[in-house]
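Presented below is the structure to which this report refers.
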Amino acid sequence: MSLTTDSTPIDESGARALRTDAVARTGRHGEPGRNGMKKKLLLGALLGSGGILVIIGISTLAGDLGQPDQALIYHTVTRSDLPITVTERGNLESQNNIDIVCEVDDIPGDNVNGTPVLQIVPNGSSVKEGDLLVTLDDSSHRERLDRQIVDTEKARSDSIQAKAKFDNQITQNQTLEAEAKLKVELAKLNLLMFEDEEKGTHRLEVEEMNRLVEDINNQILEAQANLELAKNDMQGIESLFKLGYKGKSELDRSRLEYLQAESQYAARLNKLKTQLATLEKKKHYERQMEELTLKGALTTAERSLTQVVRDNEALLEQAKAAMVAAEESLKKEEEMLARYRAQVQNCKVYAPADGMVAYAVPEHRWHAEVRQGAPVSPKQRIISLPNLQRMQVKTAVHESVLDQVKAGLPVTVRVDAFSNRSYRGSVRSVAVLPDQEGWMSSDTKVYETVVTVDEDVEQLKPGMTAVVEIHIDRLKNVLSVPVQAVVQIDNETWCYRKAGGSVERCLIELGRTNDKFVEIRKGIAEGDQVVLNPMSLVEETRQEQTPLSADEGSEPAAEDFEPEVAPPERPRGVGGQQTDQPGQAPLPNVTSDRRPETPAAGGSPRRGPGPPRGGPGAAPGGGPGGGSARRGPPGGGRPPGARPPGAE
C-alpha cells in the first residue's frame, strides 16, 4: 500500500498545498471487502489524529481506492514554542443587554393565556429613548381597575368608621374609669367619717342618744313631781269629801289625775330603760355592723374600678384591632389599586435607552413567539436592546479541560462572518455546575463559559457564531510533532522516523498537547524526520514482513483490527519495553521489533484521549506554531488553515 502526491496552488502568494490521495488495493487473499474496511480505518485514523492540514504541505487526506500505492509523508522535528489553547464555538451576545420583559399579569378567567400584543415595532429597528415599543391589550385590566376603585372606597369608609369607634371607646373608657374612681373615694370618706373618734358619725349618734337619755331623766323627775302633787291633791280631796266639803265628782277627778300622773311617771321610766338599751346597742353592735358595711363598700368600689379598667382595655383593644384591620384592608386595597393602575400603564412599553430592537427567543415551550397578536406571559422577555459595541461570547468548555480554564485568561475571538478579523478578549466566568439543558447526552459534561470581547466592535450582531481560543499556556522551545504522526495502541506510544533509506519505530514519551501538535519529551531528537501518515506503515507491518523503503510500503494484510492515531491530551509514560511478537519475524529495514497488537475479542485498541472535539466547524487559522484544543468527541477533524510548527 502506498500514497501518491501531487501539488496544487492554493493562493496568490505562490504557496502550494500538497494533496495526498489515499489508495488501497484488493488484498492478496482475494478479499475485496477489506478495501472498504481499510478506507474507513485510514480516514478514521486521520480524523482521530486531528485531521491537521498544513498550509505549506498537507491540504487533505481523502480515500480514493483506485490508486495502487501510498507514499510516506515526512515532517522535520524542530524546536519551537507550543501554545496550549482551548478552542470552543459559541454565540455572540451583548455584554450590556437591556431586556424588556412583560410586566403585565395574566388575568385568570379571561380565557387568554397571557396578554395579547396589539402593536410592536419591527424586529431590528433602531429606536430612541422614550419611543413606544410594545402595546398590549389592556381591556381586561381596565375592567379590573374599575372594580378595584369601588372596593377601595368601601374599605376607606370602613376604616373611617373603625377610627371613630376607636376614638369613642377611648372617651367612654375615661368616663367609666372616672366614675369607678369616684365611688372608691366616696367609700373611703364614709369609712373615715365613721371611724373618727371626735367628729365621726358614730360618735355624733352616741352623743345624741346620750342627750335623749338626759331628757328622759328630766321627764322622769317632772313626772315624779306631778305624781306627788296628784297624790297630795287626791288625799286632800278625800279628806274634804269625808268632811262633806267636796263632792263625789271632785274626788273621782283627783283620783284620775293621780292615776294619770302615776302612769306618766311609769312611762318615763320605761322610755329611759329603752333609750339606755338602744345606746348600748349603738355602741357595740351597730358600730361593728356599720364599720363592716363601709369597709365592704370600699372593697367593692375598688374591685369595680379594677374591673372597669380591664373592661376598658379589652374594649379599647377590640376597637383598635378593628381600626387596624380596616386600615390594613384599606392599605391592601390601595396597593392593589396602585398595582392595577400600573398594570394598565405597563401595557404600553417605552424604550429605556437608544438601541436596536431584537425580538426575544422563547425560553420555554409554553411561551409563544413574539409577534403582533400573540399573547405574552408575565416576566416573559419580549425585546432586548443590546449594546452592539461591547459584546461577549457564551460558549461551553468540556469537563476534560475545566481545570485549565480560569477567569481572566486571555482569549482570541474570531467571528465566522468576519474570518479575517480577530478580537482581544478574556474569560469572564466559568460555571460551577454542568449545563443540564444542552442538546448533548447526559454523559457529556460541558460548563457554560462567558468570554468578553475587551474592545469596541462594529458590525457584529447578537447570535453570530464565534470561535474563542483560550490561551492556557505557552511551552517555550520544546520538541513537537503533529498529532497524526503519533500511534498509540494499548500501552505503547510511538512514531516512525526516517533512518537512511528506511524507517524505524521509536517509542516516545508525550508531554502536553493541543489539537494540532504534541510535545515530545523523549524518544526523538531535533532534526529527525517523522512519518505523518503512519497508518500505512501499520497496515504494511501487519500484512508483510518485506523490507520497507522510505518512499513506498507493502500491501497491508487482511487482519481485522482498528488502531487509532491520536495522542493523549495529557502526558503518559512510555508503556513497557519492546518485545518480539510470538510467531512473527522481525520486519526488515524497520527498527521496531514489535508489531501492533490485535485487541482482545470484543475489545478495541487503546485510544489516547486526543483532542475532544474538532471538525470542519472548528476555528479557522490556529495560532502560530500550533492549534487549539477544541473539545468534543474523540476523533474530531482539524480546522482548515492550520499552520505547521515553527511557522511563527
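Quick check: is even one residue across segment 150-157 charged (D, E, K, R) and touching a helix residue (DSSP H, G or I) at 6+ places or on another chain (Cβ under 6 Å)?
So the first thing to find is which residues in segment 150-157 are charged (D, E, K, R), and the list is 151, 153-154, 156.
Add one more test, that the residue is touching a helix residue (DSSP H, G or I) at 6+ places or on another chain (Cβ under 6 Å), and what stays is 151, 156.
Scanning segment 150-157, I find at least one residue that is charged (D, E, K, R) and touching a helix residue (DSSP H, G or I) at 6+ places or on another chain (Cβ under 6 Å), so the answer is yes.
For residue 271, indicate whether it is surrounded by 15 or more Cβ atoms within 10 Å (Cβ to Cβ) and outside any helix (DSSP H, G or I). No. Residue count for segment 101-114 under the criterion of being touching a strand residue (DSSP E or B) at 6+ places or on another chain (Cβ under 7 Å) and either modelled with pLDDT under 90 or farther than 19 Å from residue 347 by Cα (or both): the result is 4.
If you scan segment 397-429, which residues turn out to be aliphatic (A, V, I, L, M) and part of a strand (DSSP E or B)? Residues satisfying the conditions are 397, 411, 413, 415, 427.
Tallying residues that are of a type in the set (Gly, Ala, Ser), assigned to a loop (DSSP other than H, G, I, E, B) and at pLDDT below 85 within segment 342-362 yields 1. Residue count for segment 473-503 satisfying the condition of being of a type outside the set (Gly, Ala, Ser), open to solvent by 30 Å² or more (accessible area, probe 1.4 Å) and more than 29 Å from residue 408 (Cα to Cα): 4. Of the listed requirements (1) of a type in the set (Lys, Arg); (2) more than 26 Å from residue 202 (Cα to Cα); (3) part of a helix (DSSP H, G or I), residue 246 misses just one: (3). Taking segment 354-368 only, how many residues are more than 28 Å from the chain's Cα centre (by Cα) and not acidic (Asp, Glu)? Selection size over segment 354-368: 3. Checked against the criterion of being among the β-branched types (Val, Ile, Thr) and at pLDDT 90 or above, the candidates 121, 206 yield just one match: 121. If a residue must be touching a Lys or Arg at 6+ places or on another chain (Cβ under 9 Å) and either of a type in the set (D, E, K, R) or open to solvent by 20 Å² or more (accessible area, probe 1.4 Å) (or both), how many such residues does segment 504-522 contain? Number satisfying all stated conditions: 8. In segment 370-397, the residue that is least open to solvent (accessible area, probe 1.4 Å) out of those that are within 30 Å of residue 445 (Cα to Cα) and over 25 Å from the mean Cα position of the chain (by Cα) is 391.
Inspect all residues belonging to segment 363-376 and state whether any of them is modelled with pLDDT of 85 or more and touching an Asp or Glu at 6+ places or on another chain (Cβ under 7 Å). No, the conditions are met nowhere in segment 363-376. Any residue in segment 462-472 that is open to solvent by 50 Å² or more (accessible area, probe 1.4 Å), at pLDDT 90 or above and touching a strand residue (DSSP E or B) at 6+ places or on another chain (Cβ under 6 Å)? Yes. Of the set (1) farther than 15 Å from residue 97 by Cβ; (2) surrounded by 13 or more Cβ atoms within 10 Å (Cβ to Cβ), all apply to residue 408 but (2).
Considering each residue of segment 43-56 in turn, none proves to be modelled with pLDDT of 50 or more and open to solvent by less than 20 Å² (accessible area, probe 1.4 Å).
The values are calculated or read from the model by the stated rules, or taken from the named source; none is laboratory data. Only a predicted model underlies this, so the values are computations on that prediction, with no experimental measurement involved. Neighbour counts run over all protein chains shown; Cβ positions are idealised from the backbone, glycine included. SASA here: full protein model, heavy atoms, side chains in, ligands and nucleic acids out. Shrake-Rupley method; radii C 1.70, N 1.55, O 1.52, S 1.80 Å.
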